[in-house]
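Step one of this worksheet: look at the structure below.
The values are calculated or read from the model by the stated rules, or taken from the named source; none is laboratory data. Everything quoted here is computed from the prediction, not taken from an experiment. We place every Cβ from the backbone using ideal geometry, glycine too, and count neighbours over all the protein chains shown. When the accessible area is computed, the model is the full protein with side chains, heavy atoms only, and any ligands, DNA or RNA have been set aside. Shrake-Rupley method; radii C 1.70, N 1.55, O 1.52, S 1.80 Å.
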Amino acid sequence: MEVTRERAWDTLTKYTQSEALRRHALAVEASVGFYARKLGEDEEFWRATALLHDFDYELHPTLDKHPQDGAPILREEGYPESLVEAVLSHAEHLSMPRDTPLKKTLFACDELSGFVHACGLVRPDGIETLEPKSVRKKLKQPSFAAGVHRDEVYRGAEELGIDLDEHIANVVEAMRPVAGELGLKKD
Ligand SMILES: [Fe+2]
Ligand SMILES: [Fe+2]
């Protein structure tokens, strides 16, 4: 099958009804898509992978099932092994090597996109004027967006080989065009 962003969206929305989870998928898609373009990679394929990385979370909300039990569903839906493997590699508990640019990028964008989203939700203008230094400050407050694993944010940037401030700036820039869909625009 041809992997397209549209097809991935259809699969995501077939298994995921929660608006928050769909928004998380869109946020990670925007960030991963940004890097695909920047690196001259296959943007459509990268976007599809990002959209699907947590597609089974509603079905399998615990780490003894997510994302490993989602993999057979993706195969059944016709997705190639390269996509399935990239999806699986975002999960720390599976200890899979992140040995491709896509895997490194997905891991680096997953928690940080969620965190930037959380930062935007408590600002009057969303992420419009959000700066890396304010994101960094919030990263140091354990009670803020407590579900976001800080160690994964730091390690993700490290593995991607990018300065954290630059990575934050990229993710914010990537998410700005979809701020409306992410619920980050007040009107
Ligand atoms: Fe996940
Ligand atoms: Fe995620």
Practice task
Would you tally the residues in segment 160-170 being surrounded by 15 or more Cβ atoms within 10 Å (Cβ to Cβ) and either touching a strand residue (DSSP E or B) at 6+ places or on another chain (Cβ under 6 Å) or more than 24 Å from residue 129 (Cα to Cα) (or both)?
Solution key: 1
Exercise for the section: Among the residues of segment 1-45, write down those that are within 16 Å of ligand 1 (Cβ to nearest atom), surrounded by fewer than 21 Cβ atoms within 10 Å (Cβ to Cβ) and either under 15 Å from residue 77 (Cβ atoms) or of a type in the set (Val, Ile, Thr) (or both). Expected result: 11, 15
Problem - Hits in segment 132-146 (condition: outside any helix (DSSP H, G or I) and without any contact (Cβ under 8 Å) to a residue 12 or more places away in the chain) - result: 140, 141, 142, 143, 146
Problem - Leading residue by the ranking (nearest to ligand 1 (Cβ to nearest atom)) among those in segment 106-131 that are part of a helix (DSSP H, G or I) and surrounded by fewer than 18 Cβ atoms within 10 Å (Cβ to Cβ) - result: 118
Exercise for the section: May I ask you to verify whether residue 71 is touching a Leu at 6+ places or on another chain (Cβ under 9 Å), open to solvent by less than 10 Å² (accessible area, probe 1.4 Å), closer than 18 Å to residue 16 by Cβ and within 15 Å of ligand 1 (Cβ to nearest atom)? Expected result: yes
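Each row is one residue, and each column tells you yes or no for (1) touching a His at 6+ places or on another chain (Cβ under 9 Å); (2) without any contact (Cβ under 8 Å) to a residue 24 or more places away in the chain; (3) exposed (fewer than 13 other Cβ atoms within 10 Å of the Cβ).
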| residue | (1), (2), (3) |
| --- | --- |
| 78 | no, no, yes |
| 85 | no, yes, no |
| 95 | no, yes, yes |
| 151 | no, yes, yes |
| 157 | yes, no, no |
Completion exercise
In segment 46-61, residues that are over 16 Å from residue 88 (Cβ atoms) and surrounded by fewer than 21 Cβ atoms within 10 Å (Cβ to Cβ) total 2
Fill in the blank from the handout: The condition of being touching a residue at least 40 places away in the same chain (Cβ under 8 Å) and either within 12 Å of ligand 2 (Cβ to nearest atom) or under 21 Å from residue 149 (Cα atoms) (or both) holds, among 60, 90, 24, 66, only for 24
